[in-house]
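Structure first, commentary second.
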Amino acid sequence: MIFSPTTANITRALKRLQEGKLIGLPTETVYGLAAVATQDLAVAKIFEMKNRPTFNPLIIHGASSEALQEHVVWSEQADRLAHTFWPGPLTLVLPRRDTARVSLLASAGLSSLAVRIPRHPIALTILKELGDVLAAPSANQSGRVSPTQACHVKAEFPDLFILEGGASPVGLESTIVDLTSDAPSLLRPGAVLQEDLEGILGPLHSPQGGSIKAPGMLSSHYAPSLPLRMNVVEPQEGEAYLAFGQTSQKVMNLSPKGNLTEAAANLFKMLRLLDQKPWQGIAVAPIPMQGLGIALNDRLYRASRA
Ligand code: TXA
Ligand code: MG
């Protein structure tokens, strides 16, 4: 069920959270499936509802940097990033404090914790009034396309209490930076760009070795049901074409003007709309590998590998 964000409905949402229930929460990146992060049972429900592997940790959302610092070991690097980009679409992975109250299940037993302050006014209001931290993965079944509208969340979880927050303005999940070692690395590209992070941190490293550092970044992810091909100029018979920039090809266009910000905001919505009969596949136009295009291509690559 979708509820408009009236004062009465915000109060109902807070009550549900305090009772250990889940809600659909709008953020500026994508909609989250939120539970109070310090309640073990509520966090367990997130994994159950999403059918999410329990080795895949959740991002912890707070109203302020102080609220998050109760749970993670803060650093000068974290402080500089937080001052520049919070509230906003940046997640920091930091060492988990021994005294952290966050459910161990939320961090999947890791010694680190991923934290962020969202920028969406409804998410911020809920966090401030709750006075605690929320665990919130994207509100989709594990492995599927993230929701950027309340109706997408309803399609995934018809019985969930969802707050209406409009279309997510960013449209892609937050950028994730790992600050747990001396060499910071980018775990997931997003709207906060690598070059802007490097302006503060110096060169970022790519995560090394065979181990997956962000356990959710399995290569098959963000997947529509139909097969998806990237970098397509001429779609095949039966394929829905998702264009970018000026083109004579019509079905849908991520951004007729070739604007990457607009394309990011449209990507998941359009993938959902095209992911149905009579189409047999989705073919996506080339997206330039610069700025937000890096995050867009990352999500498309994962969707193409399903
Ligand atoms: O924009 C976002 O980040 C959205 C909104 C709702 O805030 N949330 C989101 O959550 O995208 P989710 O669960 O779909 O993706 C979280 C990612 C996963 O890839 C997970 O493996 C990674 O963050 N992650 C969480 N905790 C981590 C940790 N301690 N170390 C490394 N990666 C972590
Ligand atoms: Mg997700």
Item to complete: Of all residues in the stretch 129-167, count the ones that are within 21 Å of Ile117 (Cα to Cα), among the polar types (S, T, N, Q) and within 13 Å of ligand 2 (Cβ to nearest atom).
Response: 4
Practice prompt. State whether the residues of the stretch 114-128 include one that is open to solvent by 70 Å² or more (accessible area, probe 1.4 Å) and either of a type in the set (D, E, K, R) or over 26 Å from Leu292 (Cβ atoms) (or both).
Written response: yes
Discussion item. Exactly one of these conditions fails for Asn140: (1) farther than 28 Å from Ala306 by Cα; (2) open to solvent by less than 10 Å² (accessible area, probe 1.4 Å); (3) touching a Pro at 6+ places or on another chain (Cβ under 9 Å). Give me its number.
Written reply: (1)
Fill in: Filter result for Ala264 (open to solvent by less than 10 Å² (accessible area, probe 1.4 Å), touching a strand residue (DSSP E or B) at 6+ places or on another chain (Cβ under 9 Å), of a type in the set (Gly, Ala, Ser) and at pLDDT 95 or above)
no
Worksheet item: Looking only at the stretch 189-236, which residues are within 11 Å of ligand 1 (Cβ to nearest atom) and at pLDDT 95 or above?
Response: Gly190, Ala191, Val192
Worksheet, complete the sentence: Those residues of the stretch 154-180 which are more than 30 Å from Arg16 (Cβ to Cβ) and in a loop (DSSP other than H, G, I, E, B) amount to Leu179, Thr180
Worksheet item: Is the stretch 181-188 home to any residue that is part of a loop (DSSP other than H, G, I, E, B), within 12 Å of the chain's Cα centre (by Cα) and within 14 Å of ligand 2 (Cβ to nearest atom)?
Response: no
Worksheet item: Which condition breaks for Gly202 when tested against (1) at negative phi; (2) away from ligand 2 (no atom under 15 Å from the Cβ); (3) open to solvent by less than 30 Å² (accessible area, probe 1.4 Å)?
Response: (1)
Worksheet item: For Gly109, all conditions in the list (1) out of contact with any Pro (no Cβ under 9 Å at 6 or more places or on another chain); (2) modelled with pLDDT under 95 hold save one; what is the number of the exception?
Response: (1)
Practice prompt. Using the structure shown, decide if Leu271 is modelled with pLDDT of 95 or more, within 16 Å of ligand 2 (Cβ to nearest atom) and on the phi < 0 side of the Ramachandran plot.
Written response: yes
Worksheet entry | Sole residue being within 17 Å of the chain's Cα centre (by Cα), within 23 Å of Ala191 (Cβ to Cβ), within 13 Å of ligand 1 (Cβ to nearest atom) and in contact (Cβ under 8 Å) with a residue 24 or more places away in the chain, chosen from Ser107, Ser138 | Ser138
Practice prompt. Scan the stretch 143-179 residue by residue and report those that are more than 15 Å from Arg299 (Cα to Cα), out of contact with any Phe, Trp or Tyr (no Cβ under 8 Å at 6 or more places or on another chain) and open to solvent by less than 60 Å² (accessible area, probe 1.4 Å).
Written response: Glu156, Phe157, Leu160, Gly166, Val177, Asp178, Leu179
Worksheet item: Right, Val232: surrounded by 15 or more Cβ atoms within 10 Å (Cβ to Cβ) and within 17 Å of Ser304 (Cα to Cα) or not?
Response: yes
Discussion item. List pairs: first residue in the stretch 229-257 and touching a residue at least 60 places away in the same chain (Cβ under 8 Å), second residue surrounded by 12 or more Cβ atoms within 10 Å (Cβ to Cβ) and not aliphatic (A, V, I, L, M) anywhere in the structure, Cβ distance under 7 angstrom, at least six positions apart or on different chains.
Written reply: Arg229/Gly281; Arg229/Ser304; Met230/Tyr301; Met230/Ser304
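The values are calculated or read from the model by the stated rules, or taken from the named source; none is laboratory data. These numbers come from a predicted model, not from an experiment. Quick reminder, even Gly has a Cβ in these numbers, built from the backbone with ideal geometry, and neighbours come from all protein chains shown. Side chains included, ligands, DNA and RNA excluded: accessible areas come from the protein's heavy atoms. Shrake-Rupley method; radii C 1.70, N 1.55, O 1.52, S 1.80 Å.
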